[in-house]
Amino acid sequence: MDYLIYAIIFFMGASVGSFLNVCASRIPAEESIVKPPSHCNDCGYVLAWYDLIPLFSWLFLRGKCRKCGAKLSSRYFFVELFTGLMFLLLFMEFGVSLKFAVYLIFTCFLIVIGLIDFDTQDIYDIHIIAPAVVQLVFIAYMFLKGENVMTYFYGALAGGGFISLIVILTHGMGWGDAELCALCGLVLGFKYTLLTIFIAIVLGGIVGVIVLLTRKKGRKDAIAFGPFIAMGAMAAMLWGQQLIDCYVRLIVR
């Protein structure tokens, strides 16, 4: 029975991932995320329902349009796969709970933010405000239950403040990155926000070195930092305490 539930959760996540792909491609182009229906950008062929089955349709079509044979980006497949895995991992970690619901919403926005920032190096205010409002409602609920909620505000201040200093002093990041880190702090709390930033810096540094060594970009070309913040936040959501404990053990040795 558990495996059936896991399969359903995974497939739901993959289906949501398909929609997130649409959002990430259409929002920067100022297109409706509802109309027109999903279609081939080369020939205009409107995809039938059997062309929209998450993961399986892309594999069955071998990443090509059924009508004209134009190549379909593998990103569609991998975003669906990744979103499905995130839904499953979050469910396995938190079960059916309010935190699970909040983290699902946060994850969806992180994926869209990361994809759009990767493509355009731009983070939209609405993608920060919407999950922040959801989290504030969650914080209010916890406060009414008598729980200490200050860690979330400390996290927002620390995350947004730290990146803001980098923006002001070095211009090495954008204000959208500061807003995203503030959002991460509001959702994850102080401790996991520091972990998020640490992971993002490490991942960004590794990718930056690889990009420079392979000469795909010049030294003056910018690399979007939003995707690394998003990955750091998702890692902190799932394995925050384990990662901190592992790091402490390495330092103590």
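The values are calculated or read from the model by the stated rules, or taken from the named source; none is laboratory data. A quick note: this is a predicted structure, and the numbers were derived from the prediction, not measured. Positions of Cβ are generated from backbone atoms using ideal geometry, with glycine treated the same way; all protein chains shown enter the neighbour counts.
Okay, here's what the table says:
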item	result
Residues satisfying the stated conditions in the stretch 75-84, i.e. within 18 Å of PHE118 (Cβ to Cβ) and either surrounded by fewer than 17 Cβ atoms within 10 Å (Cβ to Cβ) or in contact (Cβ under 8 Å) with a residue 60 or more places away in the chain (or both)	ARG75, PHE78, VAL79, GLU80, LEU81, PHE82, THR83
Matching residues, the stretch 52-89, being charged (D, E, K, R), outside any loop (DSSP other than H, G, I, E, B) and more than 18 Å from CYS23 (Cα to Cα)	LYS64, LYS71
Residue list for the stretch 160-193, filter: of a type in the set (A, V, I, L, M) and buried (at least 20 other Cβ atoms within 10 Å of the Cβ)	ILE163, MET173, ALA178, LEU180, ALA182, LEU183, LEU186, VAL187, LEU188
Top-ranked residue in the stretch 1-50 [being part of a loop (DSSP other than H, G, I, E, B) and of a type in the set (Gly, Ala, Ser); ranked as surrounded by the most Cβ atoms within 10 Å (Cβ to Cβ)]	SER38
Residues of the stretch 166-198 that turn out to be within 18 Å of the chain's Cα centre (by Cα) and among the polar types (S, T, N, Q), as a count	2
Test: ALA235 is hydrophobic (A, V, I, L, M, F, W, C) and within 25 Å of VAL79 (Cα to Cα)	yes
Set SER18, SER57: member being of a type outside the set (A, V, I, L, M, F, W, C) and under 22 Å from PHE118 (Cα atoms)	SER18
Of the criteria (1) surrounded by 19 or more Cβ atoms within 10 Å (Cβ to Cβ); (2) under 16 Å from the mean Cα position of the chain (by Cα), which one LEU72 fails	(2)
Matching option when the condition is surrounded by 20 or more Cβ atoms within 10 Å (Cβ to Cβ) and either free of Cβ contacts under 8 Å to residues at least 12 places away in the same chain or touching a Pro at 6+ places or on another chain (Cβ under 8 Å) (or both), among PHE56, PHE100, PHE106	PHE106
Among the residues listed as GLY205, GLY161, the single one being at pLDDT below 95 and among the small types (Gly, Ala, Ser)	GLY205
Exclusive hit being farther than 16 Å from HIS127 by Cα and either modelled with pLDDT under 95 or in contact with a helix residue (DSSP H, G or I) (Cβ under 6 Å, 6 or more places away or on another chain) (or both), set ALA70, ALA101, ALA7	ALA70
Filter result for ILE113 (in a helix (DSSP H, G or I), over 21 Å from ILE244 (Cβ atoms) and touching a Gly at 6+ places or on another chain (Cβ under 8 Å))	yes
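Residue-wise test of (1) touching a residue at least 12 places away in the same chain (Cβ under 8 Å); (2) under 21 Å from LEU90 (Cβ atoms).
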{"site": "GLY174", "(1), (2)": "yes, no"}
{"site": "THR193", "(1), (2)": "yes, yes"}
{"site": "GLY205", "(1), (2)": "no, no"}
{"site": "ILE223", "(1), (2)": "yes, no"}
{"site": "GLY232", "(1), (2)": "yes, yes"}
{"site": "GLN242", "(1), (2)": "no, yes"}
